Structure formats: C-alpha cells, structure tokens
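Visitor: Starting off with a structure, shown below.
The values are calculated or read from the model by the stated rules, or taken from the named source; none is laboratory data. Here the structure is a predicted model, which means the values were calculated and not measured. When we count neighbours, we look across all protein chains shown, and the Cβ atoms used for this are built from the backbone with ideal geometry, even at glycine. Areas reflect the complete protein model, heavy atoms only, side chains present, ligands, DNA and RNA absent. Shrake-Rupley method; radii C 1.70, N 1.55, O 1.52, S 1.80 Å.
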Amino acid sequence: MAQFTRGFGGRRRESNPELPPGQYLTNDFPVLSAGPTPRVTRDEWRFTVRTETGLDRSWTWDEFTALPIEDVHTDIHCVTRWSKLRTHWRGVSVDTLLDGIDSAAVSAMAHSYGGYTTNVPLADLLGGKAWVAFEFEGAPLAPEHGGPARLLVPHLYFWKSAKWVQGLVLQVRDDPGFWEQNGYNMHGDPWLEERYW
Amino acid sequence: MTGTPWLPAHVVDVRDLTPRSRSIVLEVPGWPGSLPGQHLDVRLTAEDGYRAERSYSIAGFGPGERVELAVDEVVDGEVSPYLVRDIRPGDFLEVKGPLGMYFVWRDADPSPVQLIAGGSGVVPLLSIARARAVAGTDQPFRLLCSVRSPEDAMYRDEIEGLEAAGVEVEWIYTRRAPARSARGAGRVRPGELATLTWPPERHPLVFVCGPTSFVEYVADVLVDAGHPALRIRTERFG
C-alpha cells in the first residue's frame, strides 16, 4: 500500500463478495435521473421496436402485458455506487420483443418518455439478460423508478435500465445515448467498473 | 477499465460550514479543472487496504489544482462523518473527475438561470453562481435555498453576498425560521415556487439539486407551472 488515508476505516461496512468493486449496499431505492419524472398513463403508453430499416412493431399496455411475463430475481448496481441485492421484478424479456425480427443490428438505442436515451449492445439485451419490467417487489413500478415500465439490464450499471422506456431502435453501430454523451461509459459493466469515459 | 484516472490529493484546508458540514480544499496535481456544477469521486484507503468510494459535488470550478468540496454529514454514514469530523490538512486521499457533463452551466448560454437547492444540494449551485460572478455577466440569476433552519445554511454569508452581485436570493426554512421571518417554517409551497422563481415566460434554465423527495416535488411543480421538462436539470442524493 503506497499511501493511505490517516484515521479512516473506523466505521467500515462488512465486505460483501456480492458487491462489485466500489459499490456499497443500500436497503433504500435511490433515484438517478437528469430531469423531472415524466407522468405517463397506461392508456397513452406504447412500446415500439423499430429496426434499422424503419420497420415498427408496437404494443399497447394491454397487448404488452398479455405477452409472456417472466419473474426476475436479481441484484442491481447504480453508477452512483449503491447496490441492492435480491430484488424482484416482473416483465417481458427483450428476447420475446425481438423474436422473429429481421435485423443486422449490433446495438439498440433505448428511448424514454421525457426524451432520454441510452445505448445497449444487443449481446447485452438478448439471451435472457434483459427485460422491459413493469412490476417491482409485487407492485406496479412507481413513476420515479421508471413506471409504467423500464428497461431492466441488471448485469450493467443501472442507468442502462432506462426508466419510462417507450421503445428500442435497433442500430447497426453502437452510437452513444444521452447518458453516454454526458460522461458515462458506452458499456457499463459494474464488475469491470466501466463507470465513466 | 475507465479513462478517468484516480489522482492523489492532499487536504490543504478544512472549514466548518455548519455544525454538520464542512468544506475541504484539496491540492490535486494534474487536476484538469472542472465546469460549474460537476462532481467527483473520492476514494479513501484505510491503513490495512480497506477502501470506500463516494461522489461529492465540487463547490468551485475552473482551472487550477485546488479543488473545493463541501460535505454534509450523513447520520450513520461511513465516509461523510470521517470527512466532516476527522480529516485535517496534510491528509491523503484520491479523487477521480471531474464527472457529469449535463448538470453543468456554460456561460455561453444567455438564458436566465434559476437555481433551486434543498439542503446540501446548494453546493453545485454555488459553483454555478460563483461562475457567474467570475464571468462578469449581468445575466439574470435567482437562487432559492431550502434549509431546515438558519444554522443549517451552508455558505450562508457567501450566498447572501451574491445579492450585491445581482443574484436574487430567497430562503425557505422548513423546520425553524429566524425570529424576524414573516413566513415561518414549512416546506416550500407551489404558489411560493411560482413567485420566488423565474416564470416559464422568461424561458429560464432551471437547476434543481437536493434530496430525492425535494427534487421530485419541485420538478413536478415546475412542470405543472408550464416549464418545459427538458429545461429542468436535476441532481439528487439520498
């Protein structure tokens, strides 16, 4: 150890191998967002997948929630350093949403009500790794946490789990979204501490 | 795995701001400078190698290797009590930054600016107000500070001094108001927000920073009052 911080460490938390480096455990559910919380009713809510050639596939709330729903038990990790362990979500797998779509895309841009975007490689969205979730701990997802529905990509930092998500636009290049243009990493693996540029 | 490196830093000055908050000035060789409103990560390493990292807003801005943080103590926190109670000049820690490119004021933007702070959320907003002073602009600025009591107001003297430079400053006391206050104590009400902040017709750029419940409430009221959501930038903690 080259240098240390004099007198620090008296109140340390227990180390926990379930936590990625630099994270601490919280039992709260803090909020990270760049602006006001959009208020979207289920009646007006739509979810759209658009391919790189401009073909759309769209669902209303009733159509969406009639798709196969999966239970997801997972840990989540925010770039602002809090982690929550063993959270429970319900939602539709991105595999289901992209099933049968003809595309040569490598990445998707998640678009949210309110105008925010984040890019996620398709390799991180497919194969049982990502969902569009509308329930958290047995209750409808609250607006400040992304309700009516948010993307859930729990193996990446949680800004990739776009709140108030309204669609995925497939892209042949992994172009940066809002957060990625404003200082956050293109990929965001918490175990590799891919936090920032 | 990320481009921004950890930089060694030494404490050069500490100053109590309130009974539970303190400003800490660091000397950071190689610090690239920061924009008004940005934050940084702090990493503390105990003698046995144990580490903890947290994010803090930067109270200063601009070039130079001196970096001013302001830290409010979180009860039962792990890092903030150390920074507020124990750290002293000469101590070593590491920083990474500056971070965040959105909750930032650029003096090329001519819009009126509305700053709204809940508690220690005032820190990045003070950085923005300081930048206005240095820019020498007479751009219309208003700052609304919500604090629990007069004793909880971080940087009170400096903030009151901003008025002489043309920043309109308003105070809301949520738990205990000064004896001379006609308003009394209580959370800011929607009607007060309308009169104490720039109206939507002025097309202000609004920065809101504070605890999540405060930011959610204020941002909702502003949207209801007609401010475009994309003109309201928020930063939250807790």
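Visitor: Any residues in the range B:206-229 that have 50 Å² or more less accessible area with all protein chains than in their chain alone, probe 1.4 Å, and which are they?
Guide: B:Glu216
Visitor: With 10 Å bins from zero, work out the P(r) of the protein assembly as shown over every alpha carbon pair and list the percent per bin.
Guide: 4, 20, 29, 26, 15, 5, 0, 0
Visitor: Another question, then. Could you work out the mean projected area of the convex hull around the alpha carbons of the range A:31-100, in square nanometres to one decimal?
Guide: 6.8 nm²
Visitor: Semi-axes of chain A's equivalent ellipsoid from the Cα gyration tensor, sqrt of 5 times each eigenvalue, largest first, rounded to whole Å? Provide the component values of the computation, followed by the final result.
Guide: Details: eigenvalues 189, 73, 45 Å².
The equivalent ellipsoid of chain A has semi-axes of 31, 19, 15 Å.
Visitor: May I pose another question? Whole number please: convex hull volume per residue, Cα atoms of the range B:24-173, in Å³.
Guide: Working: hull volume 18.1 nm³, N = 150.
Taking the convex hull of the Cα positions in the range B:24-173, it is 121 Å³ per residue.
Visitor: Continuing with this model, one more query. Counting only helical runs of four or more DSSP H residues, what would the 222 nm mean residue ellipticity of chain B come to if each run contributes -39,500 (n - 2.57) and the total is spread over all its residues?
Guide: Details: 4 runs with 40 residues, N = 238.
Result for chain B: -5000 deg cm²/dmol, rounded to the nearest 500.
Visitor: Compute the convex hull volume of the Cα atoms of the range B:79-238, divide it by the residue count, and report the result per residue in Å³ as a whole number. Working shown, then result.
Guide: Numbers: hull volume 22.8 nm³, N = 160.
Value for the range B:79-238: 143 Å³ per residue.
Visitor: If you filter the range A:96-145 for GluC sites (Glu not before Pro), then keep DSSP loop positions with at most 15 other Cβ within 10 Å, what is left?
Guide: Numbers: sites: A:Glu135, A:Glu137, A:Glu144; in loops: A:Glu137.
Answer in residue order: A:Glu137.
Visitor: Okay, moving on. Keeping all protein chains in place, calculate the accessible area per residue for the protein assembly as shown (probe 1.4 angstrom), answer in Å². Write out the running numbers ahead of the final one.
Guide: Details: 18230 Å² over 435 residues.
With all protein chains present, the protein assembly as shown gives 42 Å² per residue.
Visitor: Next up: Principal axis extents for the range B:6-111, Cα atoms only, whole Å, descending order, please.
Guide: Rounded to whole Å, the extents work out to 48, 30, 21 Å.
Visitor: Can I ask one more? Taking both sides together, what accessible area is buried at the B/A interface, probe 1.4 Å, expressed in Å² and rounded to the nearest 100? Don't skip to the end; give the middle numbers.
Guide: Numbers: alone 11510 and 10410 Å², together 18230 Å².
It comes to approximately 3700 Å² buried between B and A.
Visitor: Calculated FRET efficiency, A:Arg39 and A:Asn182, Cβ-Cβ r, R0 30 Å, to nearest 0.05? All intermediate terms of the calculation are to be shown ahead of the outcome.
Guide: On the way: r = 24 Å, r/R0 = 0.79.
Step by step, r from the Cβ atoms, then E = 0.80.
Visitor: How compact and how long is the range B:174-238, expressed as Rg and Dmax of its alpha-carbon atoms in Å?
Guide: That works out to 12.9, 39 Å for Rg and Dmax.
Visitor: Return the carbon/sulfur percentage of the accessible area of the range B:166-238, one whole number, probe 1.4 Å, all protein chains in place. Before the final figure, lay out the partial values.
Guide: On the way: 2060 of 3640 Å².
Carbon plus sulfur share of accessible area: 57 percent.
Visitor: Still on this model: I need to check one value: relative contact order of chain B, counting alpha carbon pairs closer than 8 Å and at least 6 residues apart, in percent. Each step should come with its number before you reach the end.
Guide: Details: 497 pairs, mean separation 43.6, N = 238.
That works out to 18 percent.
Visitor: List the residues of the range B:82-104 that lose 50 Å² or more of accessible area once all protein chains are present, compared with their chain alone (1.4 Å probe, heavy atoms only, no ligands or nucleic acids).
Guide: B:Tyr82, B:Phe92, B:Met101, B:Tyr102
Visitor: Per-residue Cβ counts within 10 Å, from other chains only, averaged over A:174-183: what number is that? Before the final figure, lay out the partial values.
Guide: Details: counts 0, 0, 0, 0, 1, 2, 0, 2, 6, 9.
Rounded to a whole number, the mean comes out at 2.
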